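Colleague: My questions will all concern the structure given below.
The values are calculated or read from the model by the stated rules, or taken from the named source; none is laboratory data. Since the model is a prediction, treat every value here as computed from it, not as a measurement. Neighbour counts run over all protein chains shown; Cβ positions are idealised from the backbone, glycine included.
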Amino acid sequence: MRLNVDLSDLTVVIPTVSRPAFVIRQFEYWRELTAQVVILDGAKQPIDIPVELLSYNIRYIHSGARFNERLATAGGFVNTRYCALLPDDEFYLPSGARAAIDRLEEDSAVIGCVGRCLYFFVDQGRFLVRDAYRDWLAFPSSARSVKDRLDADLPPVKTHKAQFAIMRSNHWKTMFESSYRQFFSCGYTYERFLNLQRSVLGRTEILEDLLWMRSMENPPISSVNVPRVDGHDFVSWARNPKFDSEVIRFRQIALEIIESGGVESKEAQAFEERFFVGGVHRQASKAARNSRKLSRRLGNVALTHSPKTLRLLAKRLVPARWLRFTGWEGYDLETICVSLQARGTRFCRAELERVRELSLALDRVIPAKGCD
């Protein structure tokens, strides 16, 4: 199934570590398209890519470097006008990516575009999807200055994320170089910098085109290089005296990013306060709400006796019965296509079928695991 959409002016950067089967799936997907793809592998040993999957448009670079170092220097591999980040188990849909590029070519004031998103996973041989991020908010049309955009994006309000936007490459490079240049003991710090830097650089938009297929096949990677759990979530990290020096550095970088947009010192400090203090408060409130919702569904006994299971909700390690019990349910393609059409979201059914085909094929190689 070849999808004839010209993406030769796009580079997709895919960081990976220790997930060779998913990297090979990326080769299978992107070798049929014209986008330039750069896969940056931080594993100790390189992946043996089958010769028949090698393609002129895909570069596999094994460096073994730390996650933040790979992304801080990724711009050096980008020679196209547009660029985007993609996790190793996920997909961009060609028609959505092309729509984003067309919009960027149409309006020079827009620096990046996100599209609509579907979660996907495979359960007992069924490819299931679910609508995602419908609550994302766009920048107001009146938000034209740096201060306007910061005011629209920082707590207590919030706009859509920019981490997985199709961006103009010069802005993408600036965002990733400044956001990933230093290591932090919390893997969630970097995306906060990305969103902040985006607001300083310019306006991004949400398109009513299906662009991003977000995988629920794997738990988020958490390692010494990208710590995310066991006290390394954003709120725990920010409040732990052990990381005080990192927090000070984090806040200083944030202030520098804001001031780089020409915001005067006093106003910049007020924006930084909203960025950090407001961000911690908002994330803590969100975690508390999620915990209360989960408690109502599972009850105190389940919460006490299965903490590992609860941490891995809606991931590959959790069977469908847990997903349904917690309110997370997937739908078949026919159902979701009807829903997308009703919402006015543009999509290509053949592209969804291709993702389905590759996901089912990989699931047969790596069958879903049950809870333990």
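Colleague: Checking the condition surrounded by 24 or more Cβ atoms within 10 Å (Cβ to Cβ), of a type in the set (A, V, I, L, M, F, W, C) and either over 23 Å from residue 24 (Cβ atoms) or touching a Lys or Arg at 6+ places or on another chain (Cβ under 8 Å) (or both), which residue from 165, 132, 84, 97 passes?
Modeller: 165
Colleague: Anything in segment 33-47 that is without any contact (Cβ under 8 Å) to a residue 40 or more places away in the chain, part of a loop (DSSP other than H, G, I, E, B), touching a helix residue (DSSP H, G or I) at 6+ places or on another chain (Cβ under 8 Å) and not aliphatic (A, V, I, L, M)? List them, or say none.
Modeller: If the condition is that a residue be without any contact (Cβ under 8 Å) to a residue 40 or more places away in the chain, part of a loop (DSSP other than H, G, I, E, B), touching a helix residue (DSSP H, G or I) at 6+ places or on another chain (Cβ under 8 Å) and not aliphatic (A, V, I, L, M), then no residue fits.
Colleague: Now a separate question. Kindly list the number of the only condition in (1) within 23 Å of residue 351 (Cα to Cα); (2) in contact with a helix residue (DSSP H, G or I) (Cβ under 9 Å, 6 or more places away or on another chain); (3) at pLDDT 95 or above; (4) of a type in the set (Val, Ile, Thr) that fails for residue 5.
Modeller: Condition (3) is where residue 5 drops out.
Condition check ((1) surrounded by 19 or more Cβ atoms within 10 Å (Cβ to Cβ); (2) in a loop (DSSP other than H, G, I, E, B); (3) acidic (Asp, Glu)) across all residues:
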| site | (1), (2), (3) |
| --- | --- |
| 174 | yes, no, no |
| 187 | yes, yes, no |
| 190 | yes, no, no |
| 198 | yes, no, no |
| 212 | yes, no, no |
| 220 | no, yes, no |
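Colleague: Checking residue 226 against (1) among the aliphatic types (A, V, I, L, M); (2) closer than 25 Å to residue 150 by Cβ; (3) within 23 Å of the chain's Cα centre (by Cα); (4) not in a helix (DSSP H, G or I), which test does it fail?
Modeller: Residue 226 satisfies every listed condition except (2).
Colleague: Would it be correct to say that residue 164 is touching a strand residue (DSSP E or B) at 6+ places or on another chain (Cβ under 7 Å), closer than 18 Å to residue 68 by Cα and not acidic (Asp, Glu)?
Modeller: Against the criterion (touching a strand residue (DSSP E or B) at 6+ places or on another chain (Cβ under 7 Å), closer than 18 Å to residue 68 by Cα and not acidic (Asp, Glu)), residue 164 qualifies.
Colleague: So, in segment 257-276, exactly how many residues are free of Cβ contacts under 8 Å to residues at least 60 places away in the same chain and surrounded by 12 or more Cβ atoms within 10 Å (Cβ to Cβ)?
Modeller: Here the count works out to 7.
Colleague: Let me ask you something else. Of the residues in segment 148-172, how many are in a helix (DSSP H, G or I), farther than 22 Å from residue 213 by Cβ and either touching a Ser or Thr at 6+ places or on another chain (Cβ under 7 Å) or not charged (D, E, K, R) (or both)?
Modeller: 8
Colleague: Assess whether residue 354 counts as being modelled with pLDDT of 95 or more, among the basic types (Lys, Arg) and over 17 Å from residue 125 (Cα atoms).
Modeller: Answer is no for this residue.
Colleague: Exactly one of these conditions fails for residue 133: (1) among the aromatic types (Phe, Trp, Tyr); (2) under 23 Å from residue 262 (Cβ atoms); (3) without any contact (Cβ under 8 Å) to a residue 40 or more places away in the chain. Give me its number.
Modeller: Going through the list (1) among the aromatic types (Phe, Trp, Tyr); (2) under 23 Å from residue 262 (Cβ atoms); (3) without any contact (Cβ under 8 Å) to a residue 40 or more places away in the chain, residue 133 breaks only (2).
Colleague: Within segment 4-24, identify whether any single residue is free of Cβ contacts under 8 Å to residues at least 12 places away in the same chain, part of a loop (DSSP other than H, G, I, E, B) and surrounded by fewer than 20 Cβ atoms within 10 Å (Cβ to Cβ), and answer yes or no.
Modeller: The answer is yes; a qualifying residue exists.
Colleague: Would you call residue 204 in a strand (DSSP E or B), in contact with a Phe, Trp or Tyr (Cβ under 9 Å, 6 or more places away or on another chain) and under 19 Å from residue 258 (Cβ atoms)?
Modeller: yes
Colleague: For segment 136-150: of the residues being among the charged types (D, E, K, R) and in contact (Cβ under 8 Å) with a residue 40 or more places away in the chain, which is surrounded by the fewest Cβ atoms within 10 Å (Cβ to Cβ)?
Modeller: Step by step, filter segment 136-150, then rank; the result is 144.
Colleague: Quick one: what pairs do we get from segment 176-197, first residue free of Cβ contacts under 8 Å to residues at least 40 places away in the same chain and within 19 Å of residue 233 (Cβ to Cβ), second among the charged types (D, E, K, R) and outside any helix (DSSP H, G or I), C-beta under 9 Å, 6+ apart or different chains?
Modeller: Listed pairs, sorted by first residue: 191/161; 194/161.
Colleague: What's the total number of residues in segment 43-58 that are under 21 Å from the mean Cα position of the chain (by Cα) and surrounded by fewer than 21 Cβ atoms within 10 Å (Cβ to Cβ)?
Modeller: 1
Colleague: Could you please let me know if residue 64 is more than 26 Å from residue 350 (Cα to Cα), assigned to a loop (DSSP other than H, G, I, E, B), among the small types (Gly, Ala, Ser) and free of Cβ contacts under 8 Å to residues at least 24 places away in the same chain?
Modeller: Yes: the conditions hold for residue 64.
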